[in-house]
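S.K.: Before we start, here is the structure in question, set down as structure tokens.
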Amino acid sequence: MFRPIAYMNAMDQTNTSPITPLAEIIDNCAYLDDWQDRMSYVIELGRKLPEMPEDQRTSENKVQGCASQVWLVTHAGNAVSDPILTFEGESDAHIVRGLVAIVLSIFSGQHASDIIKTDALDLFDRMGLIEYLTAQRANGLRSMVKRIKDEAARQLAA
């Protein structure tokens, strides 16, 4: 079975980060059969996400295309040609905050080139989460992923 690089790298992470490792999220979603249980789990992931400082909730950091308010902040590592990017994120809506937590677990700590190659929407689909999202939330998720991939491409072009 094909495993995206982000998934493989997440399997090696220890749980010292406030971000839940992707492998753990995938395993937990596979265990939860009921859509209500999955959405409760997504909300729980969002509750574990550290709060973003108020001064970072700016219009620059706001993700366009989300019905809820979502903010993403990118931090680039020192590597010049293919930096490792880490992300902070926040939302004012419980389910969307959980989606942000999953997006961060997929992309944060990855090389920019790997971020561009990773199909986050496929991962959400395989976790059984896409089918339960409203059209607005699915569009917001796509906007978050696009924003992160655009940032990775910008870092590679610098």
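The values are calculated or read from the model by the stated rules, or taken from the named source; none is laboratory data. Model, not experiment: these values are computed from the prediction. Here the Cβ positions follow ideal geometry from the backbone for every residue, glycine too, while neighbour counts run over all protein chains shown.
S.K.: Check off (1) modelled with pLDDT of 95 or more; (2) crowded, with 17+ Cβ neighbours inside 10 Å; (3) of a type in the set (Lys, Arg) for Arg137 and give me the number that stays unchecked.
M.R.: (1)
S.K.: Any chance the range 88-109 includes a residue that's of a type in the set (D, E, K, R) and assigned to a helix (DSSP H, G or I)? Step through it out loud before you land on a result.
M.R.: Here is the first cut: in the range 88-109, the ones of a type in the set (D, E, K, R) are 88, 90, 92, 97.
From what's left, assigned to a helix (DSSP H, G or I): 97.
So far as the range 88-109 goes, yes, one or more of its residues are of a type in the set (D, E, K, R) and assigned to a helix (DSSP H, G or I).
S.K.: Mind listing just one residue for me: the one in the range 132-145 that is touching a residue at least 40 places away in the same chain (Cβ under 8 Å) and either out of contact with any strand residue (DSSP E or B) (no Cβ under 9 Å at 6 or more places or on another chain) or aromatic (Phe, Trp, Tyr) (or both) and, of those, nearest to Ala30 (Cα to Cα)?
M.R.: Taking the range 132-145 first, the residues touching a residue at least 40 places away in the same chain (Cβ under 8 Å) are 132, 136-137, 139-145.
Next, only the ones that are either out of contact with any strand residue (DSSP E or B) (no Cβ under 9 Å at 6 or more places or on another chain) or aromatic (Phe, Trp, Tyr) (or both) stay: 132, 136-137, 139, 141-142, 145.
On the way: Tyr132: 15, Gln136: 24, Arg137: 21, Asn139: 24, Leu141: 20, Arg142: 22, Val145: 22 Å.
That would be Tyr132.
S.K.: Does Gly65 meet the test of being closer than 12 Å to Asp92 by Cα and either outside any loop (DSSP other than H, G, I, E, B) or at pLDDT below 95 (or both)? Write out each step before concluding.
M.R.: Details: closer than 12 Å to Asp92 by Cα: no; either outside any loop (DSSP other than H, G, I, E, B) or at pLDDT below 95 (or both): yes.
Answer is no for this residue.
S.K.: Still on this structure, I have one more. Starting from the range 64-91, take each residue that is in contact (Cβ under 8 Å) with a residue 60 or more places away in the chain and within 21 Å of Leu49 (Cβ to Cβ) and list its partners that are part of a loop (DSSP other than H, G, I, E, B) and among the hydrophobic types (A, V, I, L, M, F, W, C), counting only C-beta distances under 8 angstrom and pairs at least six apart or across chains.
M.R.: Ser68/Ala93; Val70/Val63; Leu72/Val63
S.K.: Sticking with this structure for a sec: Could you please find all residues in the range 34-56 being farther than 20 Å from Phe107 by Cβ and in a loop (DSSP other than H, G, I, E, B)?
M.R.: Asp34, Pro53
S.K.: OK, next. Which residues, counting only those in the range 77-100, are surrounded by fewer than 17 Cβ atoms within 10 Å (Cβ to Cβ) and of a type in the set (D, E, K, R)?
M.R.: Matches in the range 77-100: Asp82, Asp92.
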